[in-house]
Amino acid sequence: MVNGDAEQGPGGTAQPVTSVAGWTLAEGAPALLGYDLGQGYPTRTDPGPPQRGSRFFGGGDSPRTVLLQDVALPERGATGRQAVDAGRVRFAVEAWLGGYAPQQDGARLSVEFRDGQGTPLALAVLGPVTAQERSHTTGLFRRTAEAALPPRSRTARLQLVLTRAGGGTSNDGYADALSLTLRQAGGRA
């Protein structure tokens, strides 16, 4: 995955951006928010990734913001096509997802594995993290999924959806530290 931490390209403020390095904007316009913004946004002392950079994804001003990224899976090696087709590869997806105080705005990351013709084979979905799950605090919380990679998988489509669920003008769905890794079944990444 490219730029799963919102560190590349323009941003750092609450202003929406028109492009995000490594991602295609399918709907809305995200903000690449700085942890130093204050103004109620997550800070370095709020719940979040222990190894965080300077920025994270926010939904901007749009009721719904959608970012897409297509990743080609390895052709060769321990996690290449031959190992995938033999059922010897597992995937792990991780994301830190959250929102603002008691609001229900949220973030969801999905990973859809596809064959060489683009036919979906499997789907993993993380989030959203509800206000109740966050104890009505502002912050980002870790979500993970792991499973066997379906045989014939050739690409992964990542979709980050940030949604405003209630009032206000800001879409306070937040995400950071998004990652997708492959490893040999019973082995290392």
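The values are calculated or read from the model by the stated rules, or taken from the named source; none is laboratory data. Only a predicted model underlies this, so the values are computations on that prediction, with no experimental measurement involved. Positions of Cβ are generated from backbone atoms using ideal geometry, with glycine treated the same way; all protein chains shown enter the neighbour counts. These accessible areas exclude ligands, DNA and RNA; they are computed on the full protein's heavy atoms, side chains included. Shrake-Rupley method; radii C 1.70, N 1.55, O 1.52, S 1.80 Å.
Which of the residues that make up region 119-128 are within 19 Å of Q184 (Cα to Cα) and buried (at least 17 other Cβ atoms within 10 Å of the Cβ)?
The one that is within 19 Å of Q184 (Cα to Cα) and buried (at least 17 other Cβ atoms within 10 Å of the Cβ): A124.
Could you please let me know if A131 is in contact (Cβ under 8 Å) with a residue 24 or more places away in the chain, in contact with a Pro (Cβ under 6 Å, 6 or more places away or on another chain), within 21 Å of G4 (Cα to Cα) and surrounded by 20 or more Cβ atoms within 10 Å (Cβ to Cβ)? Full working, then the answer.
Values: in contact (Cβ under 8 Å) with a residue 24 or more places away in the chain: yes; in contact with a Pro (Cβ under 6 Å, 6 or more places away or on another chain): yes; within 21 Å of G4 (Cα to Cα): no; surrounded by 20 or more Cβ atoms within 10 Å (Cβ to Cβ): yes.
Against the criterion (in contact (Cβ under 8 Å) with a residue 24 or more places away in the chain, in contact with a Pro (Cβ under 6 Å, 6 or more places away or on another chain), within 21 Å of G4 (Cα to Cα) and surrounded by 20 or more Cβ atoms within 10 Å (Cβ to Cβ)), A131 does not qualify.
Determine which member of the set R76, R64, R88 is farther than 16 Å from V2 by Cα and either among the acidic types (D, E) or in contact with a Lys or Arg (Cβ under 8 Å, 6 or more places away or on another chain) (or both). Write out each step before concluding.
Values: R76 fails: either among the acidic types (D, E) or in contact with a Lys or Arg (Cβ under 8 Å, 6 or more places away or on another chain) (or both); R88 fails: either among the acidic types (D, E) or in contact with a Lys or Arg (Cβ under 8 Å, 6 or more places away or on another chain) (or both).
Criteria check complete, one pass: R64.
Can you name the residue in region 17-49 that is of a type in the set (V, I, T) and more than 16 Å from N171 (Cβ to Cβ) and is also nearest to the chain's Cα centre (by Cα) among such residues? Can you show your working first?
The initial filter retains those residues of region 17-49 that are of a type in the set (V, I, T), namely 17-18, 20, 24, 43, 45.
Next, only the ones that are more than 16 Å from N171 (Cβ to Cβ) stay: 24, 43, 45.
Details: T24: 13, T43: 19, T45: 21 Å.
Of everything passing the filter in region 17-49, T24 is nearest to the chain's Cα centre (by Cα).
Among the strands (runs of 3 or more DSSP E) contained in region 11-118, which hold 2 or more residues that are open to solvent by less than 50 Å² (accessible area, probe 1.4 Å) and either small (G, A, S) or touching a helix residue (DSSP H, G or I) at 6+ places or on another chain (Cβ under 9 Å) (or both)?
31-34, 89-99, 106-114
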